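Bear in mind these aren't lab numbers, they're just calculated from the coordinates by the rules spelled out. Since the model is a prediction, treat every value here as computed from it, not as a measurement. As a convention, Cβ positions derive from the backbone with ideal geometry for all residues, glycine included, and neighbour counts pool all protein chains shown.
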Amino acid sequence: MDETPNDGDTTYVASNLSGTRDTYNFEPLGDSGPIRGVAVHTISKLEDGDDLASGIKAVALYGGTYDKKTAPALTTSYTRRGAVFEDDPDGNPWTEAKIDAAEFGVEIEV
């Protein structure tokens, strides 16, 4: 999803199954200068009455390898959450080419 500003409950992805991932490709960076990391942000909330999903993890996928970072716990209000990936999922520095080939998103945590 890429609504700016976010549109609340109009368009969204949802799941209450632990391990469910949703990742996205992004536009190429172009000439970006030095890369110190990749920040993955979401606008997310816990559905009313959903006592299963306890949180989300930010996800980076590159070259078939996933890396996950725990994001702050979900609440019942839309809140911006995120995490920073200082290195690619293989533990090596990011490059523009790697970021352009990577996918980023979220994983449900129960």
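Figures for the structure shown
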read-out	value
Dipole magnitude of the chain about its Cα centre (Cβ charges: Lys, Arg +1; Asp, Glu -1), debye to nearest 20	320 debye
Candidates Thr76, Thr42, Thr23: whichever shows maximal mean-square fluctuation once the chain is modelled as a Gaussian network with Cα springs under 10 Å	Thr76
Label-point separation, Glu86 to Ser18 (7 Å along Cα→Cβ), nm	2.9 nm
Sequence-distant lysines (8 or more away, or on other chains) whose Cα lies within less than 19 Å of Lys98	Lys68, Lys69
DSSP-loop GluC sites (Glu not before Pro) across the range 13-110, with at most 14 other Cβ within 10 angstrom	Glu47, Glu86
Expected 222 nm ellipticity per residue - DSSP helices of 4 or more, -39500 (n - 2.57), all of the chain, to 500	-1000 deg cm²/dmol
